[in-house]
Amino acid sequence: MGLGYPTLNRYEPRAIEGPSDTAVYYQLVIGEPHPVGRDYMRSRILVPLVAKPFYWFARSHLKSWEPVFFGLLVANSLFCATAACFLVRIGDRVIGDPGIALLSGTLYLLNFAISNLQLAGLVDSAEACFMLAVTWALLTGKWAWLPLWGTLGALAKETFVPFALVFTLAWWMIEPGQSSTRRVRAAWAAAMGAASILTLIILHSIAASHMVWPWNIAAQANARVNIFAALWRSVSNHGFWYVFGWLLPLGLWRLRRLPRPWVIASIIAALVALLLGAWKDMLGNVARPMFDVMGPVLCLSVALLLSGHSQAKIGSRSRPSEPM
């Protein structure tokens with residue numbers, strides 16, 4: 001909450017130049033009519049729902065802070081803190097060193113994306129949290145949790161669905177295992193896909209007051225620009241490098257020492273995020289979803305680099321997967 005405090009007193013997130021996602025989430029919290037033509041954003045209900053009780057409290061008892069942004073800050077802080085806890089647990093399991101695991105969590109929370117994006121009245125904190133929950137489930141072999149994480153992630157943000165599906169599919173294809181185990185895991189992955197897509201259809205259909213299919217959501221988000229020009233505008237934008245300027249070059253050094261399924265699944269999901277960002281012409285904002293899917297593994301890699309950890313093969317210290 002300290003990292004996101006400026007939203008309460010020092011600046012107004014809705015006043016940022018250009019279209020503001022925050023304005024939509026603000027209205028979702030207070031229950032006012034929503035802007036026309038942004039149905040896909042009105043369906044991102046999880047963070048505003050969590051924020052509502054804190055908004056009600058602040059409206060009655062806190063006079064010096066903007067009550068809606070207080071509610072959003074508390075909700076986003078809960079998701080950011082949970083994500084950091086997931087990352088620390090993952091780091092401890094993979095590396096076996098609590099100090100390095102805690103350092104990775106520190107680097108995650110101190111990234112530009114946390115204080116300036118996830119804690120600034122947006123909803124990306126929940127997407128990042130549930131991506132790490134999916135990572136934890138896959139790493140520990142608890143694939144039966146995937147449908148739950150898929151449903152909650154879809155309630156948070158529609159882009160979670162393609163990211164989680166691509167991430168899980170890549171992990172399943174790369175991770176070795178007996179054929180019977182792989183079939184069971186494929187079934188749980190399919191259940192996650194079905195649950196998350198069904199959640200999306202229900203949410204968007206209610207918001208739009210008519211039947212909405214996933215391809216309708218994709219069409220609505222399309223900026224109708226040259227995809228290659230949009231890709232260049234994304235990676236050349238200063239907002240992209242605020243997030244990845246140090247994280248990407250330092251994080252690449254130790255990736256080979258982390259579990260291969262996690263690394264490759266994160267890279268593929270980040271590429272999907274980059275393509276979707278170009279589809280929507282997000283400019284530097286593409287760093288938001290890319291950090292959600294790629295940031296944790298890069299933070300752990302940077303923690304390994306800064307700690308001087310010299311073990312040749314990290315995977316040899318990771319504990320065996322727990323039963324599903």
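The values are calculated or read from the model by the stated rules, or taken from the named source; none is laboratory data. Just so we're clear, the structure is a prediction, and the values are computed from it rather than from any experiment. So basically every Cβ, Gly included, is an ideal-geometry build from the backbone, and we count neighbours across all protein chains shown. These accessible areas exclude ligands, DNA and RNA; they are computed on the full protein's heavy atoms, side chains included. Shrake-Rupley method; radii C 1.70, N 1.55, O 1.52, S 1.80 Å.
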DSSP loop trypsin sites (Lys or Arg not before Pro) in region 207-254 with at most 14 other Cβ atoms within 10 Å of their Cβ, which ones?
Arg224
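Using a simple charge model, +1 on the beta-carbon of Lys and Arg, -1 on the beta-carbon of Asp and Glu, nothing else, what dipole does region 132-284 show about its Cα centre, in debye to the nearest 20? Don't jump to the answer; show the numbers that get you there.
On the way: 12 positive and 3 negative charges, 89 e Å.
It works out to roughly 420 debye.
I'd like to check one number: the per residue accessible area of the chain, probe 1.4 Å, reported in Å² as a whole number. Kindly include the intermediate steps, with their values, before the conclusion.
Values: 14190 Å² over 324 residues.
Computed with neighbouring chains in place, this is 44 Å² per residue.
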Kindly provide the helix-only [θ] at 222 nm of the chain, computed as the sum of -39,500 (n - 2.57) over DSSP H runs of four or more divided by all residues, to the nearest 500 deg cm²/dmol?
-22000 deg cm²/dmol
In debye to the nearest 20, the charge dipole size for the chain, taken about the Cα centre with +1 at each Lys and Arg Cβ and -1 at each Asp and Glu Cβ, equals 660 debye
How large is the Kirkwood hydrodynamic radius of region 158-202, counting all unique pairs of alpha carbons, in Å?
11.1 Å
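What is the ratio of the Cα radius of gyration of region 136-182 to 2.2 N^0.38 Å, with N the residue count, to two decimals? All intermediate terms of the calculation are to be shown ahead of the outcome.
Details: Rg = 11.4 Å, N = 47, 2.2 N^0.38 = 9.5 Å.
Output field value: 1.20.
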Assuming R0 = 30 Å, can you tell me the calculated FRET efficiency for the pair Ala194 and Lys142, based on Cβ-Cβ distance, to the nearest 0.05?
0.95
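Eight or more residues apart or on different chains, and alpha-carbon atoms under 25 Å: count the Lys pairs in the chain matching that. Let's see the in-between values first.
Working: Lys52/Lys63; Lys52/Lys157; Lys142/Lys157; Lys142/Lys313; Lys157/Lys280.
Lysine pairs satisfying the spacing and distance rule in the chain number 5.
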Using all Cα-Cα distances in region 122-246, what percent lands in each 10 angstrom bin from 0 up to the longest?
12, 34, 32, 20, 3
Be a star and scan region 117-154 for residues whose amide nitrogen sits under 16 Å from the point 7 Å along the Cα-to-Cβ vector of Val184.
137-147
Alpha-carbon centroid distance for the pair region 238-284 / region 72-116, whole angstrom:
17 Å
24 Å tail of the calculated P(r), the chain, as % of Cα pairs
54 percent
Starting from the amide H of Ala223, placed 1.01 Å from N in the peptide plane, find each other amide H under 5 Å away whose residue is 5 or more places distant or on another chain.
Lys280, Asp281
Heavy atoms only, probe 1.4 Å: what % of the accessible area of region 196-266 goes to carbon and sulfur, would you let me know?
70 percent
If Arg44, Arg89 are ordered by their accessible area, calculated over protein heavy atoms with a 1.4 Å probe, which sequence runs from highest to lowest?
Arg89, Arg44
In nanometres, the difference between 0.36 nm per residue of separation and the alpha-carbon distance of Ile30 and Ser236 is 70.5 nm
Set Lys and Arg Cβ to +1 and Asp and Glu Cβ to -1, take the dipole of the chain about its Cα centre, and tell me which of Ser266, Leu200, Val94 lies farthest positive.
Val94
Give me the mean projected area, in nm² to one decimal, of the convex hull enclosing the Cα positions of region 71-154.
5.3 nm²
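Could the peptides 187-199, 154-166, 130-142 be put in order, highest first, of the mean number of other beta-carbon atoms found within 10 Å of their residues? Don't jump to the answer; show the numbers that get you there.
Working: 187-199: 18.5, 154-166: 24.0, 130-142: 22.5.
Going from most to least packed, we get 154-166, 130-142, 187-199.
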Dividing the Cα convex hull volume of region 230-283 by residue count, how many Å³ per residue is that?
68 Å³
